[in-house]
Amino acid sequence: MPANIRESEALLPALESLRDVISRHGLDARKALGQHFLLDPDITARIAALAGKLDGRHVVEVGPGPGGLTRALLATPAASVTAVELDTRAVGIITELAAHFPGRLSVVEADALTQDLTTLCPAPRHIVANLPYNVATPLLIGWLRQGNAWERLTLMFQLEVAERICAAPDSPHYGRLGVLAQWCAQCAIVMKLPPGAFTPPPAVWSAVASIIPHATQPEPALFKAMERVTAAAFGQRRKMLRGSLKSLKGEQLLAETGIDGTRRAETLSVAEFDCLAKAHLALSRAS
């Protein structure tokens, strides 16, 4: 084990407790920011372990809050950890923590929705985060657009959102988010947590999803085509495809792909949506 990792592990027990840090900085969780803090070191260590082999990897954490998961990530062999935080109060806490880990932990005060995280560290890159629940879905879709840039995403969501990401066709949670995620990556729920695991407790259960991008990723134009197709198909779930895809020249799309227009979106496989997206892109380029 590298010397800097041994030093990190030795430092962790000597750090001020998270609850004392929160009290000193007045870091009350704010609903407007979707904040629910993870303070149990056993849980944060498990999440860091679920991220897989981090030796030599550069990890980006979004929304570190008081730094519970940040500490767990610093106890791994990760080459570096970059914490992206919008809340100025939490930025102060993570900046203090960074002083204990010179060269391994950096802090970026920014909105992850508008910040290109790929510019913050070199490859190979991971994202490991207890995401702010109010922006978790748009964050994920943004990172899926950059699938080639990320080796792995290990992300905490509300359980219902994680179930949507990993849902199979013709199941209650299957929809646009699941199609986009599974089209770009291998997705699985690897951990579930009750509300009491967080401070303050959310109203619902939460889950960690492991999202490993496929080796081959869609080009940007095809990704946009898939977004349009899935938005139309699932935007009117009760309609047959021949009706929901009408604005996208649905009859021609269905004829070219051989998909029955009387079917509904939730019955289509990811592979069938891939065919529709490619057909839509071809039609757009031809027109």
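The values are calculated or read from the model by the stated rules, or taken from the named source; none is laboratory data. Everything numeric here is computed off the predicted structure, so don't read it as measured data. Neighbour counts run over all protein chains shown; Cβ positions are idealised from the backbone, glycine included. Calculation scope for accessible area: heavy atoms of the full protein, side chains included, ligands and nucleic acids excluded. Shrake-Rupley method; radii C 1.70, N 1.55, O 1.52, S 1.80 Å.
In the chain, helices alone account for a calculated mean residue ellipticity at 222 nm of -11500 deg cm²/dmol, with every DSSP H run of four or more residues adding -39,500 (n - 2.57). Between the entries [x] 28; [y] 54; [z] 23, the label attached to percent of Cα pairs over 33 Å apart calculated for this structure is [x].
Roughly to the nearest percent, how much of the accessible area of the range 112-174 is carbon and sulfur, given a 1.4 Å probe? Display every interim value, and only then the final one.
Numbers: 1240 of 2500 Å².
That fraction is 49 percent.
Considering every alpha-carbon pair of the range 7-128, the percent of pairs per 10 Å bin, from zero through the bin containing the longest distance, is 13, 49, 34, 4. Return the whole-Å distance between the Cα centroid of the range 137-179 and the Cα centroid of the range 42-72. Spelled out, the Cα-based centre of one part sits 19 Å from the other.
For the peptides 19-32, 218-231, what is the packing order when you average, over each peptide's residues, the other Cβ atoms within 10 Å and list the highest mean first?
Details: 19-32: 13.4, 218-231: 17.9.
Highest mean packing first, the order is 218-231, 19-32.
The alpha-carbon atoms of the range 58-104, seen along their principal axes, cover 28, 19, 15 angstrom, with the largest extent given first. Taking every DSSP bridge with both residues inside the chain, close to 45 percent are antiparallel. The HIS214 and GLU256 beta-carbon pair, evaluated with R₀ = 25 Å, returns a calculated FRET efficiency of approximately 0.55. Computed over protein heavy atoms with a 1.4 angstrom probe, the accessible surface ordering of VAL84, VAL204, largest first, is VAL204, VAL84.
Lys and Arg at +1, Asp and Glu at -1: add these up for the other residues within a Cβ distance under 13 Å of THR154 and post the number. Could the numbers behind the result be given before it?
Working: positive: ARG46, LYS53, ARG57, ARG125, ARG152; negative: GLU61, GLU151.
Summing Lys/Arg as +1 and Asp/Glu as -1 gives +3.
Centre-to-centre, using Cα atoms only, the range 261-287 and the range 96-136 are separated by 35 Å. Using the alpha carbons alone, the radius of gyration of the range 140-287 stands to its Kirkwood radius in an Rg to Rh ratio of 1.02. Judged by the mean number of other Cβ atoms found within 10 Å, the most tightly packed of the peptides 34-46, 235-247 leads the ranking 34-46, 235-247. Available extension along the chain between HIS25 and LEU113 is 29.2 nm, counting 0.36 nm per residue and deducting the alpha carbon span.
Build a GNM of the chain with springs between Cα atoms under 10 Å apart, and of ALA98, ALA181, ALA255 the one that fluctuates most is ALA255. Using a probe radius of 1.4 angstrom, the carbon and sulfur fraction of the accessible surface of the range 183-276 is 54%. The solvent-accessible area of GLU109, taken with every protein chain present and a 1.4 Å probe, is close to 100 Å². A 1.4 Å probe, protein heavy atoms only, puts the accessible area of THR137 near 40 Å².
Expressed as a rounded percentage, what relative contact order does the chain have, with Cα pairs under 8 Å and six or more residues apart? Provide the component values of the computation, followed by the final result.
On the way: 514 pairs, mean separation 41.7, N = 287.
Over the chain, the number comes to 15 percent.
What number do you get for the range 183-264 when its Cα radius of gyration is normalised by 2.2 N^0.38 Å, N = residues?
Numbers: Rg = 18.3 Å, N = 82, 2.2 N^0.38 = 11.7 Å.
Output field value: 1.56.
Please compute the per residue accessible area over the chain with all protein chains in place, 1.4 Å probe, rounded to a whole number of Å². Let's see the in-between values first.
Numbers: 12790 Å² over 287 residues.
Spelled out: the 1.4 Å probe surface of the chain, per residue, equals 45 Å².
Note: relative contact order over the range 63-155, using C-alpha pairs below 8 Å and six or more positions apart, is 28 percent. Extents of the range 47-193, taken as max minus min of Cα coordinates on every principal axis and listed largest first, are 51, 30, 28 Å.
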